[in-house]
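Structure first, commentary second.
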Amino acid sequence: MDLIKNKKLLMHVGPVDIYEEVLYAGLKNNVGFTSEEFVNAFRDSLKGLRYLFQVDDTYQPFIIPGGGTSAMESVTSFLTKGDKILVVSNGVFGDRWINIFKKYPVEVDYLKAEAGDYVSIDSVKEKVKQKHYKLVTFTHVETSTGVRHPIKDSVKEIKDYVDIVVVDGVSSVGAEEVKAEDWDVDIYLTASQKAIGAPPGLGLLVVSENAMKHLREDNIASYYLDLKNWLPVMRSMEEGKAAYFSTLPVHTVFMLNEALKLIQDEGIENRVKRHEKVAGTIRAGIEGMGLEIVAKRPDAYSNTVTGVMLRKAKAQDVLSEIIKEGVEIAPGVHPSLQGKYVRIGHMGWVTPNDAIITISALERTLKRLGEDVRVGEGVRAAQSYLT
Ligand SMILES: Cc1ncc(COP(=O)(O)O)c(C=O)c1O
């Protein structure tokens, strides 16, 4: 048996380490999609989403197959031919919105930040004042760089000028403060495999009453991702009645439901604080060993992803060497920094101990690869952050 492989700590950007209770919840051999057990789990998950995104019953939750990208693409359900869209992109996943909308008969404009930064609120405001956009998209935490966008303040500044504000919370929901209703966000979305700590397979959204008015018969969405087709299923399930549009990943929904229950047990504020503490420990460790973080400013630091700039070592070598130390981290994927950084994912059920282990393994790995790091100083800084 490969002990290291067996004991490996997964500090990735999703899927993340999954609690056993969550995994066991999906181990069912005999549940049909019309069973009471499944309908109850689905209904509870819909309610769990309202808690997670901090919205009341006026918001319509959706659980659809796929993941972050299916949730993103399903937003086309609120668009009709010729609509104007503004994408606010801070990196790879912000750009994904542009690629999605280019497939549809809509007009797409965008604003892009350089790697490690976010698009300023002023520039978004200026843009929406120049032209009427039906829909504007933001990415709460840009997973490619670990940059967090100030959603609350940005939405406040632009809401009067646009019809629908959409936020991709794939790397934030469950780990960052998210108050979709208070912040007046129309569509907040995420996926099951990140800070929620469930396996991949589900796209999750909450949609405001205002946005639901735009869910029209003549929308441009594809058949499978047209939320008009999924809406009767959501409504029926919430009333405790089975419904079908296309087969749902039944077992994954059971696991999602268990994860949402655990989140409610922990309490969302406590969960956010735990993530803040782990992220702070990781950053203290990185800076302590003498390295730089990809996010350029402290207000752009996220609770979930930390990009670590390398000076000498190659990213690919760091990934393959740190695995030998029992920790798996993620490659950097922003094209303008390709090969020059690695990412540490710290979301889901992460603890400060996980952060200390990661920092110590990274120090050893980087030293071996010739990087000029102060071995021991990262761990010392992380420890003192915690104490
Ligand atoms: C911010 C963000 N948005 C969207 C996605 C796409 O999600 P998925 O890979 O589940 O389709 C990801 C995936 O990592 C992401 O990090």
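Assorted remarks:
- The residues of the stretch 205-228 that are more than 18 Å from Val106 (Cβ to Cβ) and buried (at least 16 other Cβ atoms within 10 Å of the Cβ), listed by number, are Leu205, Val206, Val207, Ser208, Met212.
- Candidate set: the stretch 240-273, residues that are free of Cβ contacts under 8 Å to residues at least 12 places away in the same chain and in a loop (DSSP other than H, G, I, E, B); chosen: the one nearest to Asn40 (Cα to Cα): Ala243
- Of all residue pairs spaced 6 or more apart or on separate chains, none has beta-carbon atoms under 9 Å together with a first member in the stretch 281-296 that is assigned to a helix (DSSP H, G or I) and modelled with pLDDT under 95 and a second member that is surrounded by fewer than 21 Cβ atoms within 10 Å (Cβ to Cβ) and basic (Lys, Arg).
- Qualifying positions in the stretch 303-362 - of a type in the set (A, V, I, L, M, F, W, C), without any contact (Cβ under 8 Å) to a residue 60 or more places away in the chain and either in contact with a His (Cβ under 6 Å, 6 or more places away or on another chain) or under 18 Å from Arg148 (Cα atoms) (or both): Val308, Met309, Val342
- Against the numbered list (1) of a type outside the set (A, V, I, L, M); (2) surrounded by fewer than 16 Cβ atoms within 10 Å (Cβ to Cβ); (3) closer than 25 Å to Val305 by Cα; (4) free of Cβ contacts under 8 Å to residues at least 40 places away in the same chain, Lys179 comes up short only at (4).
- Which listed residue, of Val342, Val379, is aliphatic (A, V, I, L, M) and not in a helix (DSSP H, G or I): Val342
This table checks each residue for (1) touching a residue at least 60 places away in the same chain (Cβ under 8 Å); (2) aromatic (Phe, Trp, Tyr); (3) within 10 Å of the ligand (Cβ to nearest atom); (4) not assigned by TED's automatic domain parsing to the domain that holds Gly26.
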site	(1), (2), (3), (4)
Phe101	no, yes, no, no
Pro105	yes, no, no, no
Gln130	no, no, no, no
Gln193	yes, no, yes, no
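- Positions within the stretch 34-70 being in a helix (DSSP H, G or I) and either over 21 Å from the mean Cα position of the chain (by Cα) or farther than 21 Å from Lys179 by Cβ (or both), in sequence order: Glu36, Glu37, Phe38, Val39, Asn40, Ala41, Phe42, Arg43, Asp44, Thr69, Ser70
- Tally, over the stretch 71-97, of residues that are more than 13 Å from the ligand (Cβ to nearest atom), of a type in the set (A, V, I, L, M, F, W, C) and in a helix (DSSP H, G or I): 1
- Matching entry among Ser144, Ser154 (being over 11 Å from Ser89 (Cβ atoms), touching a residue at least 40 places away in the same chain (Cβ under 8 Å) and polar (S, T, N, Q)): Ser154
The values are calculated or read from the model by the stated rules, or taken from the named source; none is laboratory data. The shown structure was predicted, so the numbers you read here are calculated from the model rather than taken from an experiment. Every residue, glycine among them, receives a Cβ derived from its backbone with ideal geometry; neighbour counts consider all protein chains shown.
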